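J.: Below is a structure I'd like to ask you about.
All of the numbers you see were taken from the coordinates with simple rules; none came from a lab. What you see is a predicted model, and the numbers here were worked out from it, not measured in a lab. Note: ideal-geometry Cβ built from the backbone for every residue, glycine included; neighbour counts use all protein chains shown.
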């Protein structure tokens, strides 16, 4: 039964929608947490430490954080695989030749495709930069996330990579939220305007909220 659902286009779109909403929820929480950097190093570092102790003593140190990471990895992989397979299925379904000029993909489709690739590459860079410290610009300091963030956004390329990725994220969320709502049956003639408004507001808030951090470092508000 599960295999039959997965093999169908509707099943893949549903997986994309659900996994996308899981990631959206995480992004909202992550953005709020990031904004704590404007309250100073002590507040931000304390928040980062708290993430590793959530659920204690029932959960051991970092268990809850790792549980969240596993869920996110599953969501990202499911989302990416579904998107790729749907794209390949769409290409195979097209006629091999067109009488007229081959129609181009819509702006939204192109944005989602390239935006997804940009975000996938960004996730890898972001982890290597601020989680493992592998590509960190300065001397990575374990347990000092505030200073690590400041180091990253004190470089021009750190800012460029992050801001470009966040702009791509905004476009991805704007179209993705709308598509997920339609896939899950939330759309209707009376609700469509409200859903589009929610999609636009979410995209704007997430983009502005995430970009506020590098802008804060560049302007000296965070230092």
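J.: Got a sec? How would 53, 183, 152 order by Cβ neighbour count within 10 Å, fewest to most?
T.: 53, 183, 152
J.: What share of all Cα pairs of segment 129-201, in percent, falls into each consecutive 5 Å distance bin?
T.: Bin by bin from 0 Å, the calculated values are 3, 15, 18, 13, 9, 9, 10, 10, 8, 3, 1.
J.: Taking the beta-carbon count within 10 Å as an exposure proxy, list 188, 179, 19 from fewest neighbours to most.
T.: By the 10 Å Cβ count, ascending, the order reads 188, 179, 19.
J.: Shifting gears a bit: Take the alpha-carbon positions of segment 26-89, form their convex hull, and give its projected area averaged over all directions (one quarter of the hull surface) in nm².
T.: Averaged projected area of segment 26-89's Cα convex hull equals 5.5 nm².
J.: Quick one: Cα centre-to-centre distance for segment 140-170 and segment 1-56, in angstrom?
T.: If we compute the Cα centre of each part, the gap is 19 Å.
J.: For the pair residue 197 and residue 80, how long in nm is the line joining their label points, each one 7 Å along Cα→Cβ?
T.: Spacing of the two 7 Å Cα→Cβ label points: 3.7 nm.
J.: Can you give the relative contact order of segment 116-177 as a percent, counting alpha carbon pairs under 8 Å and 6+ residues apart?
T.: With pairs under 8 Å counted, the relative contact order is 31 percent.
J.: Remind me, what semi-axes does segment 2-218 give for its equivalent ellipsoid, largest first in whole Å, using sqrt of 5 times each Cα gyration tensor eigenvalue?
T.: Working through the eigenvalues yields semi-axes of 35, 20, 18 Å.
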